[in-house]
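The values are calculated or read from the model by the stated rules, or taken from the named source; none is laboratory data. No experiment lies behind these values; they were computed from the predicted model shown. Cβ: placed from backbone, ideal geometry, glycine included. Neighbour counts: every protein chain shown. Ligands, DNA and RNA are stripped out before the accessible areas are found, and what is left, the full protein with its side chains, is counted by its heavy atoms. Shrake-Rupley method; radii C 1.70, N 1.55, O 1.52, S 1.80 Å.
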Protein chains: 2
Amino acid sequence: MKGKATSFDIAYEAGVSQSTVSRALRHSPLVSEETRKKIQEIAKKLNYTVDKNASSLRSQTSTTLALLLFEDPTSDDSLVNPFFLSMLGSITRECGLMGYDLLVSFQELNTDWHSVFKDSNKADGLILLGYGDYTDYESKLRELVDHGTPFVRWGAATESIETTSIGCDNNHGSQQITEHLIKLGRKSFAFVGNAGDGSPEFMARYQGHCESLKKAGIDVNTELQADAGNTAEEAYDATITLLDKNIPFDAVVAASDVIALGVLNALKTRGLTVPDDVSLVGFDDIPMASYMSPSLTTCRQDSAMAGQLLVDKLVELIKGEPVSNAFIKTKLIVRESCGAKA
Amino acid sequence: MKGKATSFDIAYEAGVSQSTVSRALRHSPLVSEETRKKIQEIAKKLNYTVDKNASSLRSQTSTTLALLLFEDPTSDDSLVNPFFLSMLGSITRECGLMGYDLLVSFQELNTDWHSVFKDSNKADGLILLGYGDYTDYESKLRELVDHGTPFVRWGAATESIETTSIGCDNNHGSQQITEHLIKLGRKSFAFVGNAGDGSPEFMARYQGHCESLKKAGIDVNTELQADAGNTAEEAYDATITLLDKNIPFDAVVAASDVIALGVLNALKTRGLTVPDDVSLVGFDDIPMASYMSPSLTTCRQDSAMAGQLLVDKLVELIKGEPVSNAFIKTKLIVRESCGAKA
DNA sequence: CTGAAAGCGCTTACAG
DNA sequence: CTGAAAGCGCTTACAG
């Protein structure tokens, strides 16, 4: 036997046809128990593995998913959003369980996803993860929809386009966390994070935040909302600008944990102590949150569940089954930065 | 045109043979400039993409690399080593530049890597990232070598087996950092991290650490070395045990930043202040290091360079070129935890 | 520089 | 339950 074993080699050794080998290995009910066992033994002995390319070419299905992760190409490109990274583990695991391979690509905003991944038969479907400017993003989504490419995405469900989205209830999560601060007696709130159509998730968090304030009879001061993308640097700058306005506040709601990191540094720089002078809360519960000092009160999104749902829903879509959007639960995680223990 | 366009569709429109289309699209010098241009235009018009499976099957090469990331399946499986995650960005980017796709799989220690990825023609080569017990790992490496599967790995070059490894000079990096502490006047050192054959990288760091101590005429007290795998939890427990020995020390060298995180929490729990009571240093410079409180003095490994080298070397191996091991540079990053500013 | 033809290793109707 | 045969969409000798 030179080179890799093929199904013909197995057929020869087993004294059956190549078709039967193929059937046996795919657990076709058409093959007798006895024949199957013999074939499986020989396959094992020869270290045989089905050729992925031949199988995919013939059956026109790759049993591969592509994960596209993209963010605004800011500053340090090695700093991928930690929240997405924690989803990566559960996505790969669920792919394994479902029998799919996972192709990963970062920052591919500029290519034609459909033709690169679907037309070339590299992947049967796409998982999209990305913060970043939603405006650019939406036109790409529309292309995918127009081509009929199966895909799921992490993010807020939007009315403007028919997609399968997995996300958390950002509005509700933000209310949980704002209400917690209100209970602790905080009176004037700043919000750091983009609040515009370009960032639907942050926008939803801002809206939830405002709703909670209104319910509690607290005025929303739009002067205390500062735009920032999802980086510590932008958040730092935004917070400094905010502080320079000299409008007093005793709590900052950050649109994400990464933003909270920048806010915290800015506050420290200006000699403000968290939580004594200012309470601070984030969103996501990235691994770093519990190690910050003070540790960060935040809203946890179940990233393991998120990854699993993304894969499962995509596989259903690929199989042509009807698929609905799904929300994952949010959970308030109380740590030191909110001042709960003060 | 129903369904996807094929090279035959293009050939028909261009009035040439399918062979010529294939050559033109692969930039064969055999095709005239004029013909190539015409073909490229039509291909673009039809949104044509070469079918990956057909191309790979025919040419017996997948232009895909597989990244296998594995760690001891400890506690929370979503907490992948942050250092590897920061390499992931540069690996995907370099793959893109080199024209390779990237298949990602976690925790696949139990399967036969060779047949799953190479025999099945899913990938032309393997990139291996993993801390964890080296003993299990080594037998897997030997299988790959025996099969002639191209692969590169992150880690210390070892004499026991002939592999292409990319790593940093752990011994040297550890010396840089220990010498820094010595210069600051620290006298008695603890080391937290496995120092055994199962963890060659941590072992090298421990050895470098000890060499620096000896050079400075400081006795190495093996009672102050505490084993811990690469998790904050293990490090926390190890540190508590260490403190319970009641042997005084004024500096802790952690085998990694993640370990330093656990050490710091344990010290805080016991009422010790870093760096006033005890200096603390880590290794890796994970993103979290600069946000810890106090921020962590550590030894940076250039993860971007590491990812790039892993991909480049693997591609050379696949092409059958001779490939040597490579070291990436380490750099001492001084922050607050060592007490440099005290 | 171009074309006709073989064949990569499977899966799956079709026929028995 | 099994086999003979076609064909997925390319790449690449071979011949001109």
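Taking the C-alpha atoms only, the angle from helix A:303-318 to the longest principal axis of chain A is near 50 degrees. Pairs of Cα atoms in chain A fall into 10 Å distance bins, from 0 up to the last occupied one, in shares of 5, 23, 26, 18, 12, 8, 5, 2, 0 percent.
Could you list the square roots of 5 times each eigenvalue of the Cα gyration tensor of the stretch B:102-226, that is, the equivalent ellipsoid semi-axes, sorted largest first and rounded to whole Å?
Each semi-axis is the square root of five times an eigenvalue, giving 37, 13, 12 Å.
Only Lys, Arg, Asp and Glu carry charge here, each on its Cβ (+1 for the first two, -1 for the last two); on that basis the stretch A:254-342 has a dipole of about 140 debye about its Cα centre. Karplus-based coupling profile of the stretch A:83-93, in residue order and whole Hz: 5, 5, 4, 6, 6, 4, x, 6, 5, 5, 5, with θ = phi - 60° in 6.51 cos²θ - 1.76 cosθ + 1.60 and x standing for Gly or Pro. Treating each Cα of the stretch B:7-50 as one equal point scatterer and applying the Debye formula with no solvent, the log10 of I(q)/I(0) at q = 0.16 Å⁻¹ comes out as -0.30. Scanning residues 5 or more positions from B:T164 or on other chains, those with amide H under 5 Å from its amide H are B:R153, with H placed 1.01 Å from N in the peptide plane. Annotation: amide H-H contacts under 5 Å for A:A226 (H modelled 1.01 Å from N, sequence separation of 5 or more, or interchain): A:F191, A:V192, A:G193.
The relative contact order of chain A, computed from alpha carbon pairs under 8 Å that lie at least 6 residues apart in sequence, is 16 percent. Neighbouring Cβ atoms from other chains, within 10 Å of the Cβ of residues in A:45-58, number 6 on average. Here is the list for the stretch A:166-201: trypsin sites (Lys or Arg not before Pro) lying in DSSP coil, each with at most 16 other C-beta atoms within 10 angstrom of its C-beta, are A:K187. Overall shape: oblate for the protein assembly as shown, with the ratio a/c of the largest to smallest alpha carbon gyration tensor axis at 1.5 or above and b/c at least equal to a/b.
For the residues B:H114, B:H180, B:H147, a GNM of chain B with alpha-carbon springs under 10 Å puts the largest fluctuation on B:H147.
For B:E143, the distances from its label point to the matching points in the remaining copies are 4.1 nm, ordered from shortest, with each point set 7 Å beyond Cα toward Cβ.
Each copy carries a label point for B:P248 at 7 Å from Cα toward Cβ; from one copy, the others' points are 4.8 nm away, ordered from shortest.
Give me the residues in the stretch A:282-304 whose solvent-accessible area, probe 1.4 Å, is reduced by at least 30 Å² once all protein chains are included instead of the chain isolated. Residues of the stretch A:282-304 that lose at least 30 Å² of accessible area once the other chains are added: A:P287, A:M288, A:Y291, A:S293.
How much of the accessible area of the protein assembly as shown, in percent, comes from carbon and sulfur atoms when a 1.4 Å probe is used?
49
Secondary structure note: in the protein assembly as shown, about 15% of the DSSP beta bridges are antiparallel. Considering only A:S212, A:L261, A:T231, the residue lying farthest towards the positive end of the dipole of the stretch A:152-264 is A:S212, judged by Cα position with unit charges set on Cβ. When both the stretch B:26-54 and the stretch A:3-42 are represented by their alpha-carbon centers, they are found 40 Å apart. The relative contact order of the stretch B:191-342, computed from alpha carbon pairs under 8 Å that lie at least 6 residues apart in sequence, is 20 percent.
Residue by residue along B:90-96, Cβ atoms of other protein chains within 10 Å of the local Cβ number 4 on average. For A:L97, the label point sits 7 Å beyond Cα toward Cβ; its separations from the matching points on the remaining copies run 3.7 nm, from shortest to longest.
Surface exposure of the protein assembly as shown, expressed per residue as accessible area with a 1.4 Å probe, stands at 43 Å². What the phi angles of the stretch A:211-216 give under the Karplus curve with 6.51, -1.76 and 1.60, with θ = phi - 60°, is a coupling list of 4, 4, 4, 4, 4, 8 Hz, glycine and proline written as x.
Simple point charges give the picture: +1 on the Cβ of Lys and Arg, -1 on the Cβ of Asp and Glu, and for the protein assembly as shown a dipole about the Cα centre of about 1080 debye. Of all residues in chain B, the one whose Cβ lies closest to the rotation axis carrying B onto A, together with that distance in whole Å, is B:S293, 1. Angle of helix B:170-183 to the longest C-alpha principal axis of chain B, folded into 0 to 90 degrees and rounded to 10: 30°. When chains A and B come together, the accessible area they lose, probed at 1.4 Å and totalled over both chains, is close to 4000 Å². Annotation: for a label point projected 7 angstrom from Cα along Cα→Cβ of A:A216, residues of the stretch A:165-197 with backbone N closer than 16 Å are A:172-192. Put a plus charge on the Cβ of each Lys and Arg, a minus charge on the Cβ of each Asp and Glu, and nothing anywhere else: the dipole of the stretch B:206-256 about its Cα centre is then about 280 debye. Taking θ as phi - 60° and the Karplus parameters 6.51, -1.76 and 1.60, the scalar couplings of the stretch B:323-336 work out to 10, 10, 5, 9, 9, 9, 6, 10, 9, 5, 10, 8, 10, 7 Hz in sequence order, x denoting glycine and proline. Each of A:P200, A:P287, A:G99 was scored by the projection of its Cα onto the charge dipole of chain A, and the greatest displacement toward the positive side belongs to A:G99; charges sit on the C-beta of Lys, Arg, Asp and Glu.
Seen against the Cα atoms of chain A and their longest principal axis, helix A:257-269 is set at about 30 degrees. With all projection directions averaged, the alpha carbon convex hull of the stretch A:208-342 covers 9.9 nm². Scaled to the globular estimate 2.2 N^0.38 Å, the Cα spread of the stretch A:164-286, given as radius of gyration, is 0.96.
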